[in-house]
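What follows is one structure encoded as structure tokens, with my remarks underneath.
The values are calculated or read from the model by the stated rules, or taken from the named source; none is laboratory data. A quick note: this is a predicted structure, and the numbers were derived from the prediction, not measured. Please note: Cβ atoms are built from the backbone with ideal geometry, for glycine as well, and neighbour counts cover all protein chains shown.
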Amino acid sequence: MAQVIASRRAAVSGTAVRTRKKRPFLLDLYSTAVGKKYAMGISGIALMGFVLFHMIGNLKMYQGASDLDNYAEFLKKLLYPLAPKESVLWILRSGLLAMLILHLHAAWSLTVMNRRARPTRYQSPRDYQVANFASRTMRWTGIIVLAFVAWHLADLTFGVANTVGTDGEFVRANVYDNVVRSFERVPVALFYVVANVLLGIHLYHGAWSIFQTFGWNRPRFNRWSRAFATGFAAVVVVANVSFPVAVLAGIVG
């Protein structure tokens, strides 16, 4: 009788092992803190690339209305006529949105994991001595930058906020006129300046963290990685801040 019971138990145990579903490798990796840090690093690189190329394209504003408007039209015709008009642009936008969602989810998940691992906050002020201002404010700069992105889309992509407080009319093809009309509003221009300074702080620490995440943090190499993070953030901030300043100063208009 005991042998029958033992054999039945063995059979049940064996069946349970055989029917257990194994998660895909990437999902299994993402469930760990290391995987989430890798996800933040990869998505961060993609977002940094977008910020850089977006800034470079916007520099055409200094070449005049026709150049900036033609550049916007060029983006709509990527790989046209091999692909339908604007299809490639929407694919890029979808990929960018996916990277943004992944970046936000990984950051939120890491925060939750850290809080669970350390339910009691640090009590000593010395805990922050090794962290600089950029690292301590990553969460808040990220939230403000996200709000800025939402405003930027409403202002210069969809146009619902572009004509608030003005007598103009939003025409999507007239990119140059839309930018000038937006930055002629002093509160909006100031918001762009502040938001881009915070973006620079976020970019600086984010770029530096990418090197640490992927293990590129040898003492001799750290000087160059920090210089890259500083230079990248500085270039983006100076260029982006120059746009509203140029409009308010009458250089562009």
task = Only residues in the range 82-98 that are on the phi < 0 side of the Ramachandran plot count as the first member; pair them with residues that are surrounded by 11 or more Cβ atoms within 10 Å (Cβ to Cβ) and of a type in the set (D, E, K, R), Cβ under 7 angstrom, at least 6 apart or cross-chain, and list the lot.
result = 85/76; 85/77; 89/76
query = Does the range 234-253 include one or more residues that are surrounded by 14 or more Cβ atoms within 10 Å (Cβ to Cβ) and either over 28 Å from residue 66 (Cβ atoms) or charged (D, E, K, R) (or both)?
reply = no
ask   = Would you pick out the residues in the range 161-213 that are farther than 26 Å from residue 142 by Cα, among the small types (Gly, Ala, Ser) and free of Cβ contacts under 8 Å to residues at least 24 places away in the same chain?
value = 165, 168
inquiry  = Cβ contacts < 9 Å: first residue within 24 Å of residue 203 (Cα to Cα), restricted to the range 22-49; second residue among the basic types (Lys, Arg) and modelled with pLDDT under 95, any location; separation 6+ or different chain. Result?
reply    = 30/36
inquiry  = Looking only at the range 231-252, how many residues end up being of a type in the set (Phe, Trp, Tyr) and over 13 Å from residue 207 (Cβ atoms)?
reply    = 1
message = Just to be sure I understand, how many residues within the range 52-87 are touching a Leu at 6+ places or on another chain (Cβ under 7 Å) and modelled with pLDDT of 95 or more?
response = 2
Candidates 190, 156, filtered to the one that is surrounded by fewer than 20 Cβ atoms within 10 Å (Cβ to Cβ), under 21 Å from the mean Cα position of the chain (by Cα) and within 25 Å of residue 62 (Cβ to Cβ) = 156
query = Exactly one of (1) crowded, with 17+ Cβ neighbours inside 10 Å; (2) among the hydrophobic types (A, V, I, L, M, F, W, C); (3) within 25 Å of residue 232 (Cβ to Cβ) is unmet by residue 88. Its number?
reply = (3)
